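Working notes, structure below.
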């Protein structure tokens, strides 16, 4: 994440934080830090208000709270993030140290938590890769990326106190219901429907594989939500706000979809971080995951197709909000966004066809 230094005495420099009240809370609950603190804005982390904190002794940590304004009931759930990083702290999954959680909104208007500072960087585009991951470390990073996900999916949520993170059964069925409802609700305001969205949803409903034991699914596992250390390995996984319990193979397929492959259509908006030479390709990652977990991946293309379909539904909802005027479309490539929906449906169909041809 990009750092921007701010004077903590200026309220506008630390939006969402009552600095004196928060530093008083930290003094009482986070012994690793000794206020007064220097606050440095970290750009990224979605729209959550994220700052690096540094005390006079040079000790550092990170603080996160939701964005300002009215939020959807389950959006930007700091309590969920906190419970996950605290629970995973003693597992092989690398997460920042859980230092303190404030569930008293009177302190600064929202829940917030403080976690350890990690020496690492997320990768959003190819330029980030050029800066932080030299070519001789890209296979190391590839292995680490998939190994960390395999390690996450090997954790028994009951054993680490995460049995109530979400419903354990019928993960795919629940996701299909949620995102199909979104597609139907968005079709009229978007002035755009597509028969493939309906036929694919029907296929997924009728062919959902039997789910094995529920595991923690990150929900948005990709290089944008990992911090790559100086050695090229994943130093920490971050942004757990939509994590839940469910089918780990859906999480795997999402991660693989995020990983650029030479066969992918070009991305008109950004050069993906793995579009440079030296990275493993998806089949290698899938094989390594299977070897590490022992899971049967014969139905992997079902999950790949499901995630592509879900992406189409998400983009369709965004497109509808722009078309309705609920969000300003100034500067937005609306034709490009619509092409993104079409491309996601096309890739979903291709995955389903591969799955059918496999006979699995």
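Quick notes on this one:
- Some residue of the stretch 67-86 being touching a helix residue (DSSP H, G or I) at 6+ places or on another chain (Cβ under 9 Å), crowded, with 20+ Cβ neighbours inside 10 Å and modelled with pLDDT of 85 or more: no
- So residue 34, is it at pLDDT below 95 and either surrounded by fewer than 18 Cβ atoms within 10 Å (Cβ to Cβ) or assigned by TED's automatic domain parsing to the domain that holds residue 239 (or both): no
- The criterion of at least 2 residues that are without any contact (Cβ under 8 Å) to a residue 24 or more places away in the chain, out of contact with any helix residue (DSSP H, G or I) (no Cβ under 7 Å at 6 or more places or on another chain) and more than 18 Å from residue 191 (Cα to Cα) is met, among helices (runs of 4 or more DSSP H) falling completely within the stretch 271-360, by 282-293, 334-358.
- Here 356, 314 are screened, and the one residue that is over 20 Å from residue 206 (Cα atoms) and modelled with pLDDT of 95 or more is 314.
The values are calculated or read from the model by the stated rules, or taken from the named source; none is laboratory data. Computed from a predicted model, the values in this text were never measured in an experiment. Methodologically, a virtual Cβ is constructed for each residue, glycine included, from the backbone with ideal geometry; neighbour enumeration extends over all protein chains shown.
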